[in-house]
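Structure first, commentary second.
The values are calculated or read from the model by the stated rules, or taken from the named source; none is laboratory data. Because the structure is a prediction, the values reported are computed rather than measured. No Cβ is skipped: glycine too gets one built from the backbone with ideal geometry, and neighbour counts run over all protein chains shown.
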Amino acid sequence: MLDFDFHCHSNISDGTLTPTELVQRAAGRGVKAMALTDHDDVDGLDEARAVANELGIAFVNGVEVSVTWRSHTLHIVGLGIDPSYPPLVAGLSSVRSGRGMRAQKMSDELAKAGVGGVLAGAYKFASNPNMIGRTHFARYLVESGHCKDVKSVFNRYLAKGKPGYVPHQWANLADAIAWITGAGGIAVIAHPGRYMVGKHSMGKKTMQELLAEFVTLGGRGVEVVTGSHTQEQYAEFARYAEQFQLLASCGSDFHGPQESYRDLGRLPDLPMSCKPIWEVLSLH
Ligand code: AMP
Ligand code: MN
Ligand code: MN
Ligand code: MN
């Protein structure tokens, strides 16, 4: 079992815990090294690091950048970044800037589908209004009794192809990798298995093209063990990691006590063939 966790969220993006509460929970679960990887924002890092230092956990500065690649939305995790690197700061700010308009459109689309007036409700769940996203809408639709849980909201309203889904242009892959690597970080493809399931998913050939392009652009890691992979996918992405000489990362993708399939830490070991990403991260 791994007591490392290099992917999780605080309420700076769409997690429910503050950075302090998140790190306290990780410590309570025996996590020895962690990264906070909020979507498109690094504002939680200083607080999280201070608490991690107090509690004796190694802390890695992270971020999860939203990217549009071909017709797909991808998430690229950056680990070991300097959060003050100006191109990263400016890049993340540009990625966040579209979220307000998108939220307005989501609310309009949901109204057409018979679910009216949800914008203010969604914002109520966004501790950081600049980071308003689908999860905040989902939480409100659960609270207001439209669906029984967040998962059902996505399946019914918010997943690609559903009535509340609004297509959006995020960062491009080359830029996201350049921001991360320029900031001294390692770019990691988050939860790749997720891009291969569902109606609009990529096939094996496209996944291979993505991995090849990612490596050419300076990407160095891939999540092999994540809360969103099955056992089979651990093995599948361990093979891809070997084929493309990528470092293997692990993270829960924890968003909150009520919502996550996986809680912080206590992740299964990486397959034997993997080169663990923590061998190149400075853990302090
Ligand atoms: P956004 O960046 O606003 O498009 O929101 C993306 C976030 O929505 C992801 O990081 C997840 O936290 C959440 N999400 C996406 N798809 C699902 C799903 N099928 N079920 C539950 N949460 C999801
Ligand atoms: Mn999320
Ligand atoms: Mn993600
Ligand atoms: Mn995530």
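Based on what the data block shows, is L55 more than 28 Å from S201 (Cβ to Cβ) and more than 15 Å from ligand 4 (Cβ to nearest atom)? Walk me through it before giving the result.
Values: more than 28 Å from S201 (Cβ to Cβ): yes; more than 15 Å from ligand 4 (Cβ to nearest atom): yes.
So L55 fits the description; yes.
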Considering only residues that are surrounded by fewer than 23 Cβ atoms within 10 Å (Cβ to Cβ), more than 18 Å from the chain's Cα centre (by Cα) and at negative phi, look in segment 155-166 and name the one that is farthest from ligand 3 (Cβ to nearest atom).
P163
Quick one: would you say L267 is more than 30 Å from H136 (Cα to Cα) and in contact (Cβ under 8 Å) with a residue 24 or more places away in the chain?
no
Report whether or not T68 is surrounded by fewer than 21 Cβ atoms within 10 Å (Cβ to Cβ), in contact with a Lys or Arg (Cβ under 9 Å, 6 or more places away or on another chain) and assigned by TED's automatic domain parsing to the domain that holds T226.
no
Contacts under 7 angstrom Cβ, first residue in segment 5-30 being touching a residue at least 40 places away in the same chain (Cβ under 8 Å) and at negative phi, partner among the basic types (K, R) and away from ligand 2 (no atom under 15 Å from the Cβ), 6 or more apart
L17/R25; R29/R266
Pair list, Cβ < 7 Å and 6+ apart or interchain, from segment 228-244 residues that are among the polar types (S, T, N, Q) to residues that are surrounded by 19 or more Cβ atoms within 10 Å (Cβ to Cβ) and outside any helix (DSSP H, G or I):
S228/H191; S228/D253
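With V197, V224 as the choices, which residue is crowded, with 22+ Cβ neighbours inside 10 Å and not assigned by TED's automatic domain parsing to the domain that holds A126?
Working: V197 fails: crowded, with 22+ Cβ neighbours inside 10 Å.
Answer to the check: V224.
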From the set of residues in segment 228-284 that are part of a strand (DSSP E or B) and under 18 Å from the mean Cα position of the chain (by Cα), which is farthest from G15 (Cα to Cα)?
L247
Close pairs from segment 187-206: first touching a residue at least 40 places away in the same chain (Cβ under 8 Å) and farther than 20 Å from G221 by Cα, partner away from ligand 2 (no atom under 16 Å from the Cβ) and not aliphatic (A, V, I, L, M), Cβ under 8 Å, at least 6 apart:
H200/S71; H200/H72; H200/G161
What's the number of the condition F6 fails, among (1) away from ligand 4 (no atom under 16 Å from the Cβ); (2) under 22 Å from L247 (Cα atoms)?
(1)
Search segment 37-60 for residues being under 17 Å from the mean Cα position of the chain (by Cα) and either of a type in the set (V, I, T) or not assigned by TED's automatic domain parsing to the domain that holds S252 (or both), and hand back the single one that is surrounded by the fewest Cβ atoms within 10 Å (Cβ to Cβ).
V42
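For the condition buried (at least 19 other Cβ atoms within 10 Å of the Cβ), among the small types (G, A, S) and in a loop (DSSP other than H, G, I, E, B), what is the one hit in G184, G219?
Numbers: G184 fails: buried (at least 19 other Cβ atoms within 10 Å of the Cβ).
Answer to the check: G219.
Considering only residues that are closer than 23 Å to I189 by Cα and away from ligand 1 (no atom under 15 Å from the Cβ), look in segment 3-18 and name the one that is surrounded by the fewest Cβ atoms within 10 Å (Cβ to Cβ). Write out each step before concluding.
To start, the set of residues in segment 3-18 that are closer than 23 Å to I189 by Cα comprises 3-15.
Cutting the leftovers down to away from ligand 1 (no atom under 15 Å from the Cβ) gives us 3-6.
Values: D3: 16, F4: 23, D5: 29, F6: 28.
Across segment 3-18, the extreme among qualifying residues is D3.
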Can you name the residue in segment 1-56 that is out of contact with any strand residue (DSSP E or B) (no Cβ under 6 Å at 6 or more places or on another chain), away from ligand 2 (no atom under 16 Å from the Cβ) and aliphatic (A, V, I, L, M) and is also modelled with the lowest pLDDT among such residues?
M1
Let me spell it out: the conditions are (1) part of a helix (DSSP H, G or I); (2) under 15 Å from the mean Cα position of the chain (by Cα); (3) farther than 23 Å from P129 by Cα, and M34 meets all of them except one. Which number is the exception?
(1)
